[in-house]
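To start, the structure itself, in structure tokens.
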Amino acid sequence: MILNDELTAIKNGAQGETMRKILKTLINFGEAFGAERMVPITSEYGHSVIGAASFSWSPVFDIIDEMIESGALAKQKFSADPVSYDPKVPASLLQKLAFKIIFSAQNRLENQYKKFGIMDEKAYSCTCYMPELGNIPKKGDILGWAESSAVSYANSVLGARCNRNSGVLELMSFALGYVPEFGLLLDEGRRADWIIEVRCEKKPEAQILGSAIGMKVIEDVPYIKGLNNWLGTELTQDTCDYLKDMGAAAASNGSVGLYHVENLTPEAAELGESLINEGAQIYVIDDAELEKVRNSYPCLWEDKNAEPELCFMGCPHFSKQQLIDWCDRLSEALQKNGQTELQVPTVFTAAPDVIEAFISEQPERYKKYKDMGLVLSPICALTYTSNPLIGKVKIITGSNKLRYYSHARFHSEAELLEILTGGAK
Ligand code: F3S
């Protein structure tokens, strides 16, 4: 590994033993992937995948303590993934007690982050790039993030450069200010080995399309054609939300860290098909293929005919626009079906700043949500399901990521609208 003067001095102990170990760890990590040098992180802010704090992660918190005590603090302010617990989210007394025990380290982590360099006490969301939170990397920025959905968005929609790092390594890179250069940081690592031809007759649902892409290309970079028919060529908020959900699904069903969408995402708009490697494989996706993928999702409920008990939406966290759209769709469907309240307890998750903005700018819609019995929460739905006492709760979701990592059952948006508002069974 080629080191500059600053890093050579750190390697020789100029900034203490902890910083020396951090550098050594990141060198080992980089060398495992063929990195030849370390490059400076250039984004204004970092982002950590560690936001919810399980008591079983005490070795992680011990490492953070060591970094703080030795003065190896983050060189850039950072945001973090969502917190673990919100008493507003429906749960029995026993389940709530279990949450308190499982996530008893939450205060420890949040206090550590205050010292280590968190942006502020509300900077806990996987969609840190929402304008309300303001952690929006620029095109070409080098990042050290690990949250898979945020890495996918930063690489693909914003044109930043970030590998899929891991939780503790990202914190170390924030303290060092450097990351090893390999993979998606390099031009050659950002070229596509797959052409995805979208030939659907109707707009594909983002979560299922992303899932299909992830299952097929696994870790490769896809170049997606035909999506402009549905998304246009401008990165509007609606389009960014669609890409956020599609990318998160591809990053969980596979481990896609970057995708290009023809005529739309920054590098595809700039470089076009020159991004595609010679001999790239082709995957055609039509309505039948999406149906096949959708039907392949297992239902992990013991009683597959049981009634749903809880619905989670907003994984990754919803944008303000998504909160607005879903409010209108649910209100209309409730009215159409002669109902006033949702038929299944429902939680929509979003960043604290997004929820705050929604409440202050959309008081009437917020009242509608409360009247229909819907809870807005800043937690991560997946950490909620990590409580063993939640294991038997029949959760439904429109998130492929939540479906993939938990026992939640997936439904399309149209199905969810019907189920939640008492429409045709
Ligand atoms: Fe975000 Fe948690 Fe889903 S971090 S992407 S809400 S699993």
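The values are calculated or read from the model by the stated rules, or taken from the named source; none is laboratory data. In this text the structure is predicted, and so the values were computed from the model without any measurement. Neighbour counts run over all protein chains shown; Cβ positions are idealised from the backbone, glycine included.
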Show me the strands (runs of 3 or more DSSP E) found entirely inside the range 157-257 where at least 1 residues are more than 30 Å from Ala32 (Cβ to Cβ) and more than 16 Å from the ligand (Cβ to nearest atom). 192-198, 222-225
Filter the range 390-410 down to the residues that are surrounded by 22 or more Cβ atoms within 10 Å (Cβ to Cβ) and away from the ligand (no atom under 11 Å from the Cβ) and list them by number. Ile395, Ile396, Gly398
For the range 344-375, which positions are within 16 Å of the ligand (Cβ to nearest atom), over 18 Å from Pro308 (Cα atoms) and without any contact (Cβ under 8 Å) to a residue 60 or more places away in the chain? Ile355
Filter result for Val198 (within 17 Å of Tyr283 (Cα to Cα) and in contact with a Lys or Arg (Cβ under 9 Å, 6 or more places away or on another chain)): yes
Got a sec? Which of Asp86, Asp81 is surrounded by 14 or more Cβ atoms within 10 Å (Cβ to Cβ) and closer than 16 Å to Gly167 by Cα? Asp81
Restricting the range 35-56 to residues that are under 24 Å from the mean Cα position of the chain (by Cα) and of a type in the set (Gly, Ala, Ser), the one farthest from Ile102 (Cα to Cα) turns out to be Ser43
When both residues are 6+ apart or on different chains and their Cβ atoms are under 9 Å apart, which pairs have a first residue that lies in the range 202-227 and is touching a residue at least 24 places away in the same chain (Cβ under 8 Å), and a second that is among the β-branched types (Val, Ile, Thr) and in a helix (DSSP H, G or I)? Ile208/Val293; Leu209/Val293; Ser211/Val293; Ala212/Val293; Met215/Val293; Pro222/Ile213; Ile224/Ile213
Checked Ser84, Ser148, Ser152 against criteria (within 15 Å of the ligand (Cβ to nearest atom) and modelled with pLDDT under 95); the one match is Ser84
Working only within the range 89-101, note down all residues that are within 16 Å of the ligand (Cβ to nearest atom) and either surrounded by fewer than 13 Cβ atoms within 10 Å (Cβ to Cβ) or assigned to a helix (DSSP H, G or I) (or both). Phe99
Every residue in the range 234-267 that is without any contact (Cβ under 8 Å) to a residue 60 or more places away in the chain and under 19 Å from Asn163 (Cα atoms), please. Met246, Gly254
Among (1) of a type in the set (D, E, K, R); (2) assigned to a loop (DSSP other than H, G, I, E, B); (3) in contact with a strand residue (DSSP E or B) (Cβ under 7 Å, 6 or more places away or on another chain), which single condition is Lys139 missing? (3)
In the range 377-389, what residues are of a type in the set (A, V, I, L, M, F, W, C), in a helix (DSSP H, G or I) and within 15 Å of the ligand (Cβ to nearest atom)? Ala381, Leu382
Go through (1) out of contact with any Phe, Trp or Tyr (no Cβ under 6 Å at 6 or more places or on another chain); (2) surrounded by fewer than 13 Cβ atoms within 10 Å (Cβ to Cβ); (3) assigned to a loop (DSSP other than H, G, I, E, B) one by one and return the number of the condition Ser56 breaks. (3)
So which helices (runs of 4 or more DSSP H) are wholly in the range 277-376 and hold at least 3 residues that are in contact with a Pro (Cβ under 9 Å, 6 or more places away or on another chain) and surrounded by 14 or more Cβ atoms within 10 Å (Cβ to Cβ)? 352-361
Check off (1) under 23 Å from the mean Cα position of the chain (by Cα); (2) away from the ligand (no atom under 15 Å from the Cβ); (3) at pLDDT 95 or above for Pro59 and give me the number that stays unchecked. (1)
Flagged in the range 102-134 as in a loop (DSSP other than H, G, I, E, B), within 16 Å of the ligand (Cβ to nearest atom) and more than 20 Å from the chain's Cα centre (by Cα), in numbering order, are Phe103
Here is a check on your reading of the model: is Pro363 over 18 Å from Pro82 (Cβ atoms) and at pLDDT below 95? no
Restricting the range 411-425 to residues that are surrounded by fewer than 21 Cβ atoms within 10 Å (Cβ to Cβ) and of a type in the set (A, V, I, L, M, F, W, C), the one farthest from the ligand (Cβ to nearest atom) turns out to be Ala424
Hey, can you tell me all the residues within the range 136-156 that are touching a Ser or Thr at 6+ places or on another chain (Cβ under 6 Å) and crowded, with 23+ Cβ neighbours inside 10 Å? Pro137, Leu143, Gly144, Ala146, Ser156
